[in-house]
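Below is one structure, written out as structure tokens, with a few remarks after it.
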Amino acid sequence: MPHPTPSRRRAGTGLVPKHVDRIEMAPGVVTHPIDMMQIFGVMVLEDSMADLAHEIAHACGVEHHGDSDPYHVKWTRDESVTPHRILEQRVYTPWGPVVNPPPPRPVHIYYDGGGEISPDASFFNFGAERYLANYKECQHSGDVDCLMRYSGCDAYVHPLYPADGRVLLMDVEPHGRQFCRSPAGTQFNDPGRNPWPRHGDCAPDRGNCFGSICVNDSLRP
């Protein structure tokens, strides 16, 4: 796993170029169509370039900021009880569909930094899948401007009520454009954010992606 300085990396962890023969984006991946830039006279999505840099960095010893995201869940309104409630069903993990999922369980949904959202709100008229991020040590944690940080979540686990609290996002998290130099959370991930940070600092031994780049095949088996 990456450490704050290259000399402190643990041998045998991560990848170096000798492990990789080919890097390509998965078919159907939707990047963040925000900015356009010109490459050799061709206009391309700037965020697509960031996504490609993200994958190339994995081949050079750089890891995600964490690995604790629950991933995809589905929220549905349960009208069989009064008052109504929201049920959460886990649908996908990072490794694929959930096999033999447990029964849906009730959860409470909150605004980011605000109060609870009524189960009867229009947000829950359809049982859409949502990317649920964790509130700490997850792929979305750390420096918001880092291109190794995930930015695709629709909601996250409530840091004050992690067992059954969820926070619904009303904005799109920004896509990073550079490598971070610290594991510290910034902007909405800052641990001092009021009333709470979204995702906090990176997981232990993660972050400082700039200092984790390793292209020397001899440093890791």
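Derivation of every value follows stated rules applied to the coordinates shown; laboratory data play no part. The model shown is predicted, which means the values in this text are computed figures rather than measured ones. So basically every Cβ, Gly included, is an ideal-geometry build from the backbone, and we count neighbours across all protein chains shown.
In what order do 172, 167 fall by count of nearby beta-carbon atoms within 10 Å, going from fewest to most?
Ranking 172, 167 by Cβ neighbours within 10 Å, fewest first, gives 172, 167.
Using the Cα gyration tensor of segment 151-211, with a ≥ b ≥ c the square roots of its eigenvalues, what is the shape: rounded (a/c below 1.5), prolate (a/b larger than b/c) or oblate (neither)?
Judged from the Cα gyration tensor, segment 151-211 comes out prolate (a/c at least 1.5, a/b above b/c).
From the residues 89, 147, 119, which one has its Cα farthest along the dipole of segment 71-189 in the positive direction, the dipole being from +1 and -1 charges on Cβ of Lys/Arg and Asp/Glu about the Cα centre?
Among 89, 147, 119, the one farthest towards the positive end of the dipole of segment 71-189 is 147.
Please report the net charge: other residues with Cβ closer than 14 Å to the Cβ of residue 85, K and R +1, D and E -1.
Local net charge: -3.
Counting other beta carbons within 10 Å of each Cβ, put 148, 170 in order, fewest first.
Ranked by crowding around the Cβ, least crowded first: 170, 148.
At 7 Å along Cα-to-Cβ for each site, give me the label-to-label distance between residue 194 and residue 78 in nm.
3.7 nm
Which translational diffusion coefficient, to the nearest whole µm²/s, is obtained for segment 71-189 from the Stokes-Einstein equation, given a Kirkwood hydrodynamic radius over C-alpha pairs, 20 °C and 1.002 mPa s?
140 µm²/s
Counting Lys and Arg as +1 and Asp and Glu as -1, each charge on the Cβ, what is the dipole of segment 78-153 about the Cα centre in debye, to the nearest 20?
So the dipole magnitude of segment 78-153 works out to roughly 240 debye.
Counting Lys and Arg as +1 and Asp and Glu as -1, what is the net charge of the other residues whose Cβ lies under 10 Å from the Cβ of residue 106?
Net of charged neighbours comes to -1.
Can you figure out the FRET efficiency of residue 125 with residue 213, using R₀ = 45 Å and their beta-carbon distance, to the nearest 0.05?
0.45
Please identify the chymotrypsin sites (Phe, Trp or Tyr not before Pro) of segment 45-98 that satisfy two criteria: DSSP loop assignment and at most 13 other Cβ atoms within 10 Å. Which are they?
Answer in residue order: 95.
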